[in-house]
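The values are calculated or read from the model by the stated rules, or taken from the named source; none is laboratory data. Model, not experiment: these values are computed from the prediction. Note that each Cβ is placed from the backbone with ideal geometry, even for glycine, and that neighbours are counted across all protein chains shown. What goes into the accessible areas is simple: the full protein's heavy atoms, side chains included, and nothing from ligands, DNA or RNA. Shrake-Rupley method; radii C 1.70, N 1.55, O 1.52, S 1.80 Å.
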Amino acid sequence: MKRSILIHYHEINLKGNNRGWFENHLQQHVALLLKDLPHDYIQRFAGRLVIGLSENSPVDAIVYRLGMTFGIANFVVAREVAADLEIIKSGLADLAAAASFKSFKIDARRGTKDFPLNSQELNQQLGAFVQTLSPAEVRMENPDSVFFVEIVGDRAFLYLNKIKGAGGLPSGTGGKVLCLLSGGIDSPVAAYRMMRRGCRVVFVHFHSFPHTTLESQDKVRQIAQILSRYQLESRLYLAPFAELQREIVAYAPPPLRVILYRRFMIRIAEAIAQKEKAIALVTGDSLGQVASQTLENIRTISGAASIPVFRPLIGDDKEDIIQTARTLGTYETSIQADQDCCSLFIPRHPETMSSLEQAQRAEENLDLSRLIQNSLAIASRESIRPDFWIAGALHDNQ
Ligand code: ATP
Ligand code: MG
């Protein structure tokens with residue numbers, strides 16, 4: 001019995017002339033995603049993507065990875081047979097024999113008009129056929145089993161379950177952004193939200209080694225690996241922040257420290273974005289969550305940037321962000337104790353109502369361009385791969 005995975009697109013249907021371009025991105029992504037998992041072919045077919053499975057295809061692992069692929073509304077593991085009524089019936093008999101049900105319905109669709117029966121006639125004939133095999137009754141509302149029959153051209157796909165896809169738009173169709181990734185809960189979720197809209201996300205993390213430990217950097221690597229399940233190959237920049245922090249602590253008013261840390265992060269990130277040809281920055285700020293995230297402070301921080309700074313979580317409650325982080329799989333890593341560079345030298349009463357002028361005045365005492373250049377000069381760049389590509393990783397569901 002030939003098995004295939006049939007992928008139904010999400011939103012791509014809406015994209016008119018760009019449709020082929022979106023489909024190409026998805027196809028290329030899936031090809032890379034499955035490069036180490038045996039399968040026969042990946043093919044664009046009648047507005048769908050079809051993965052031909054081979055005898056030794058690890059179906060569970062393929063399903064697991066496809067569940068984290070943007071641009072997919074749903075996908076199914078189907079028995080594939082020729083579009084011929086008798087052959088469809090025998091495939092359906094196999095499917096029914098493997099299922100246990102007291103009620104059922106047939107959901108048959110004819111994707112192309114060249115099949116002699118229309119969808120309604122198919123439903124009737126196939127329903128009557130299943131009743132010759134089983135005492136189960138036909139029920140339209142909430143049946144135990146739905147037998148899906150999808151006929152496209154000369155091929156018919158038979159299946160019992162649709163698996164919900166990740167939605168969104170295929171990786172790479174939305175342009176490139178640079179995300180400021182801390183080891184916390186929020187920024188990984190912000191990165192995920194941008195990836196879901198088709199962006200490729202490059203990561204930058206600021207560390208205060210030797211004031212903070214090397215484990216903190218490992219934590220960010222792990223988070224980047226989890227996020228890479230969605231875009232496969234990622235880049236992570238690790239930029240030193242200790243010298244900058246020392247200078248800010250020595251020469252700037254204590255209440256402004258965190259705001260000045262952030263303004264420096266933004267400037268260094270912008271320089272990296274330029275090198276990477278990324279169009280915007282992304283942070284995990286959420287309005288009012290901490291003192292540095294008041295509207296006034298966000299304005300002061302954004303004032304250091306000349307490219308857009310996106311904050312996809314700005315209107316989200318912490319509980320919702322945590323929920324997404326749990327689903328994503330970053331939460332458990334994010335809550336491990338570490339030392340973030342920004343938790344160093346925090347004053348008891350940080351400014352919550354800063355202004356741009358106030359920040360600029362404080363920065364007059366600092367040698368901005370030297371500090372930025374020093375950090376950029378020693379920043380390192382790493383290639384990050386999804387954990388399921390790393391030998392011995394625990395996360396693949398194989
Ligand atoms: P997160 O959970 O993402 O750390 P947070 O609620 O702790 O966010 P802050 O610590 O104020 O908030 O950070 C706000 C944003 O600034 C973060 O979401 C992240 O985008 C960026 N940021 C903070 N610290 C760092 C860092 N060490 N490296 C890179 N980006 C950072
Ligand atoms: Mg944080």
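Within segment 203-234, the set of residues being among the basic types (Lys, Arg) and closer than 20 Å to Gly67 by Cα comprises Arg229 only. Scanning segment 26-65 for residues that are under 20 Å from Met195 (Cβ atoms) and open to solvent by less than 30 Å² (accessible area, probe 1.4 Å) gives Leu26, His29, Val30, Leu33, Leu34, Leu49, Arg65. Among the residues of segment 178-218, those identified as out of contact with any Phe, Trp or Tyr (no Cβ under 6 Å at 6 or more places or on another chain) and either free of Cβ contacts under 8 Å to residues at least 12 places away in the same chain or charged (D, E, K, R) (or both) are Asp186, Arg193, Arg197, Arg200, Leu214, Glu215, Asp218.
Within segment 242-272, how many residues are over 18 Å from Ala291 (Cβ atoms) and touching a Phe, Trp or Tyr at 6+ places or on another chain (Cβ under 7 Å)?
From segment 242-272, those over 18 Å from Ala291 (Cβ atoms) are 242-244, 246-247, 250-251, 267-272; that's our starting set.
Next cut, touching a Phe, Trp or Tyr at 6+ places or on another chain (Cβ under 7 Å) only: 242, 244, 272.
The number of residues fulfilling the criteria is 3.
Give the residues of segment 333-375 that are out of contact with any Asp or Glu (no Cβ under 6 Å at 6 or more places or on another chain), assigned to a loop (DSSP other than H, G, I, E, B) and among the hydrophobic types (A, V, I, L, M, F, W, C), sorted by residue number. Once the filter is applied, which keeps residues that are out of contact with any Asp or Glu (no Cβ under 6 Å at 6 or more places or on another chain), assigned to a loop (DSSP other than H, G, I, E, B) and among the hydrophobic types (A, V, I, L, M, F, W, C), segment 333-375 yields Ile335, Ala337, Leu344, Phe345, Ile346. Residues in segment 322-357 that are within 16 Å of ligand 2 (Cβ to nearest atom), among the polar types (S, T, N, Q) and without any contact (Cβ under 8 Å) to a residue 24 or more places away in the chain: Ser343 alone.
Checking each residue in segment 280-321 for being open to solvent by 60 Å² or more (accessible area, probe 1.4 Å), away from ligand 2 (no atom under 16 Å from the Cβ) and over 20 Å from Ala359 (Cα atoms) picks out Phe310, Gly315, Asp317, Glu319, Asp320.
Could you identify the single residue in Ser334, Ser354, Ser343 that is buried (at least 19 other Cβ atoms within 10 Å of the Cβ), within 10 Å of ligand 1 (Cβ to nearest atom), closer than 19 Å to Val290 by Cα and assigned by TED's automatic domain parsing to the domain that holds Ala291?
Ser334
Listed here are the residues, each with its yes/no results for (1) within 30 Å of Met194 (Cβ to Cβ); (2) free of Cβ contacts under 8 Å to residues at least 24 places away in the same chain; (3) in contact with a Lys or Arg (Cβ under 9 Å, 6 or more places away or on another chain).
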{"site": "Leu85", "(1), (2), (3)": "no, no, no"}
{"site": "Ile88", "(1), (2), (3)": "no, no, no"}
{"site": "Ala93", "(1), (2), (3)": "no, no, no"}
{"site": "Phe104", "(1), (2), (3)": "no, no, yes"}
{"site": "Ala108", "(1), (2), (3)": "no, no, no"}
{"site": "Gln131", "(1), (2), (3)": "no, yes, no"}
{"site": "Ile163", "(1), (2), (3)": "yes, no, no"}
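Looking only at segment 70-83, residues that are surrounded by fewer than 15 Cβ atoms within 10 Å (Cβ to Cβ) and in a loop (DSSP other than H, G, I, E, B) come to 0 in all.
For (1) within 15 Å of ligand 2 (Cβ to nearest atom); (2) open to solvent by less than 50 Å² (accessible area, probe 1.4 Å), each residue gets a yes or a no:
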site: Gly198; (1), (2): no, yes
site: Pro210; (1), (2): no, no
site: Thr213; (1), (2): no, no
site: Ser216; (1), (2): yes, yes
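Okay, residues lined up against (1) among the hydrophobic types (A, V, I, L, M, F, W, C); (2) within 9 Å of ligand 1 (Cβ to nearest atom); (3) not assigned by TED's automatic domain parsing to the domain that holds Glu363:
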position	(1), (2), (3)
Ile185	yes, yes, no
Met195	yes, no, no
Val204	yes, yes, no
Thr213	no, no, no
Gln225	no, no, no
Tyr230	no, no, no
Ser234	no, no, no
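If you scan segment 167-191, which residues turn out to be more than 16 Å from ligand 2 (Cβ to nearest atom), within 11 Å of the chain's Cα centre (by Cα) and surrounded by 20 or more Cβ atoms within 10 Å (Cβ to Cβ)? Hits for segment 167-191 are Gly168, Leu169, Pro170, Ser171.
For segment 280-315, name all the residues that are of a type in the set (Asp, Glu) and free of Cβ contacts under 8 Å to residues at least 60 places away in the same chain.
Step one: list which residues in segment 280-315 are of a type in the set (Asp, Glu), which gives 285, 296.
Selection gives Glu296 alone.
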